[in-house]
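Below: one structure, written as structure tokens.
The values are calculated or read from the model by the stated rules, or taken from the named source; none is laboratory data. Just so we're clear, the structure is a prediction, and the values are computed from it rather than from any experiment. Ideal geometry is used to build each Cβ from the backbone, glycine not excepted, and the neighbour counts take in all protein chains shown. With ligands, DNA and RNA removed, areas are computed over all heavy atoms of the protein, side chains included. Shrake-Rupley method; radii C 1.70, N 1.55, O 1.52, S 1.80 Å.
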Amino acid sequence: MNRIEERMQKLKEAGEKALITYLTAGLPDLEATKDILRACERAGCDVVELGIPFSDPVADGPVLQEASCRAIRGGVNVKKVFRTVAELRGEGLELPIVFMLYYNTVLHYGVEAFAAKCREAGVDGLIIPDLPYEEQGEISRCLEGSERTFLIQLVSPVSGERIPMLLKGAKGFVYCVSSMGVTGQDADFHREVLSYLTRVKEVSEVPVMMGFGIRTAKDVRPMEHIIDGAIVGTYFMKQLEKNDYRAEAAEEYCRKFKKELNCN
Amino acid sequence: MNQNEYYGAYGGQYVPESLMNTLKELEEAFEEAIRDETFIRQYQEYLRQYVGRETPLYFAERLSNFCGTKIYLKREDLNHTGAHKINNVIGQILLARRMGKKKVIAETGAGQHGVAAATGAALFGMECTVYMGEEDAVRQALNVMRMEMLGAKVVRVRSGSNTLKDATNEAIRTWAKTAEDTFYIIGSAVGPHPYPRMVKEFQSVISREAKRQILEMEGRLPDAVLACVGGGSNAIGMFADFIGESRVRLIGVEAAGKGIASGEHAAAMAAGEPGVLHGMRSYLLQDEDGNVKLAHSISAGLDYPGVGPEHAYLRDTGRAEYVSVTDTEAMEALMTLCKLEGIIPAIESAHAVAYAIQYAKKLREELGEKEAADRRMIVCLSGRGDKDVNTIADYLAGKGYLN
């Protein structure tokens, strides 16, 4: 069983909502990333999205663009991040890890080789914001046959009639984008966010997570009865940055969020 | 993969999910519009009355004598706003209006597309925002001024290399956020489907006219047509009507910057490998990690690390050939054209002129003087060089040309 699936099963049994955090890999270095991932696991974070830096991150706002840029300057690349994940798995980390990356990184690596490397290193899922459903054939074929790495589907507030197609065969969880555009727009959710999330929830066979613009558990109060969890990216990165990427700060933030998310 | 959206292995729609419905809507509206006679008539009327088409196919006699072969220049530099970019803008903005959009956004490198977009927006009373790399905004300050005079807002993009690539990223980000009421006017034959097809459709007027004109003047087709290639909009327009004429050589000229070997160039097809950027799969300059490499060219309009997907396809199938010329070669050709023909070309277009001169030399060597003198080529003079006067002055000062 895939680690994400396993975790989702546990959450369901416990009646809990998930917390998913995002961090750009390699800030300030990959050792720090390891410490933060260990801290996330200790704090009960359910999935971590690990951002692979890319030169042209069109789905990201200024904060994550800047993070990507700095990581690249620090020499971070996908090969090193694979190694980092493999090392963490070697020491027994069971936290589900999803790569968030752009398709050129996969293409450049070689799609087949990339899929094999994900399985080998222990990467449980992929989020590729510039790879819409229609272009997924190539990578889906390479991921097929193994339940180890899932391609996570993204849904947008304007997906409309596309929703059933996107959700057919979705695995792990579905990532509902809360607003149009890029990451990091401070809880400025789309005006029809509630009805759209409801529509997704009705159709989805996997848990429904909402991301983009979320800062604290309070931000998702209005939709907590619909969604199965929240994804925090830009705000989490800002917290890390403010606290010099100390693992304790990450741990504290996750604990608090997870507690507030599940206080009812 | 939907084959309709591809040119062989290139093209596609590599955009966030939030833009997929927008692209579908756009494709439907575009296909419907180009089948609607009223729309086409309206487009042609604006090209005639406002843009000033048709543009001359000018026989450059002194340049021809200098080169020992017949060279015709397709004078896109004589269009309103000074380049071929307006052909496409008029088409897309009419489509935007037809779709009920009130706002348009555009990216720009040299500023020619930005000026054209600002012009079109003024003409139709639409709100226009142009994204331009900070570095380009400096080297093309005159065009920034023009856009602002035309009522457009110019956003100077400070990210990555501060050039066209980054301006395009920012335009895509804004579009993904505002697609519900905003139309994105892409200026080159790049981007997700249906943009490459749409830009080709609206630029193909170049080769439609040129073909008819050369048949009138020469009674036969040209042996070769040449155009510079950044993203490839003037080139695809210049090639369009000749693609089916197998005896006509199609030659695209990329920017070799300081030389391909120096690594500082913008020749995606000479030195790139297939990748994904700006919603399309095509040749792309990238480093060993798959990050997009900075392009370099003295010409802002060619300073782009990718290329339109149809060019990638024409290259792989061998229907078109792609060569490159350096900054220095382009600048020398620019001066040659100034002095021989009294035409100051854009630095972009000077790349095509530079290769025309080299190609003529090759013809003389391979075929002999007599045979070469009977050959005819058309060079797309995509834009005029007024915008480049500062760059040219700096270059000449550095090289001591004016002494």
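Within region B:296-307, is even one residue touching a His at 6+ places or on another chain (Cβ under 7 Å), outside any helix (DSSP H, G or I) and open to solvent by 10 Å² or more (accessible area, probe 1.4 Å)? Yes, because at least one residue in region B:296-307 is touching a His at 6+ places or on another chain (Cβ under 7 Å), outside any helix (DSSP H, G or I) and open to solvent by 10 Å² or more (accessible area, probe 1.4 Å).
Only residues that are hydrophobic (A, V, I, L, M, F, W, C), farther than 19 Å from A:GLN239 by Cα and either within 18 Å of the chain's Cα centre (by Cα) or assigned to a helix (DSSP H, G or I) (or both) were counted across region A:191-228, and they come to 11. Listed by position, the helices (runs of 4 or more DSSP H) contained in region B:164-266 that have at least 2 residues being open to solvent by less than 10 Å² (accessible area, probe 1.4 Å), of a type in the set (Val, Ile, Thr) and in contact with a helix residue (DSSP H, G or I) (Cβ under 9 Å, 6 or more places away or on another chain) form an empty set. Taking the numbered list (1) at negative phi; (2) more than 10 Å from chain B (Cβ to nearest Cβ); (3) of a type outside the set (Val, Ile, Thr); (4) in contact (Cβ under 8 Å) with a residue 60 or more places away in the chain in turn, A:PRO129 passes all entries but (2). Has region B:82-92 got any residue that is away from every other protein chain (no Cβ under 14 Å) and surrounded by fewer than 24 Cβ atoms within 10 Å (Cβ to Cβ)? Scanning region B:82-92 turns up at least one residue that is away from every other protein chain (no Cβ under 14 Å) and surrounded by fewer than 24 Cβ atoms within 10 Å (Cβ to Cβ). Apart from one condition, A:ALA249 fits all of (1) in a loop (DSSP other than H, G, I, E, B); (2) over 26 Å from A:PRO57 (Cα atoms); the exception is (1).
Of B:ALA121, B:ALA110, B:ALA117, all but one fail to be buried (at least 24 other Cβ atoms within 10 Å of the Cβ) and assigned to a loop (DSSP other than H, G, I, E, B); the exception is B:ALA110. As for region B:342-361, it holds at least one residue that is in contact with a helix residue (DSSP H, G or I) (Cβ under 7 Å, 6 or more places away or on another chain), open to solvent by 70 Å² or more (accessible area, probe 1.4 Å) and not charged (D, E, K, R). Any residue in region A:172-180 that is within 27 Å of A:LYS117 (Cβ to Cβ), more than 10 Å from chain B (Cβ to nearest Cβ) and either among the β-branched types (Val, Ile, Thr) or free of Cβ contacts under 8 Å to residues at least 60 places away in the same chain (or both)? Within region A:172-180, one or more residues are within 27 Å of A:LYS117 (Cβ to Cβ), more than 10 Å from chain B (Cβ to nearest Cβ) and either among the β-branched types (Val, Ile, Thr) or free of Cβ contacts under 8 Å to residues at least 60 places away in the same chain (or both).
Does at least one position in region A:63-78 carry a residue that is buried (at least 19 other Cβ atoms within 10 Å of the Cβ), small (Gly, Ala, Ser) and facing another protein chain (nearest Cβ under 9 Å)? No: region A:63-78 contains no residue that is buried (at least 19 other Cβ atoms within 10 Å of the Cβ), small (Gly, Ala, Ser) and facing another protein chain (nearest Cβ under 9 Å).
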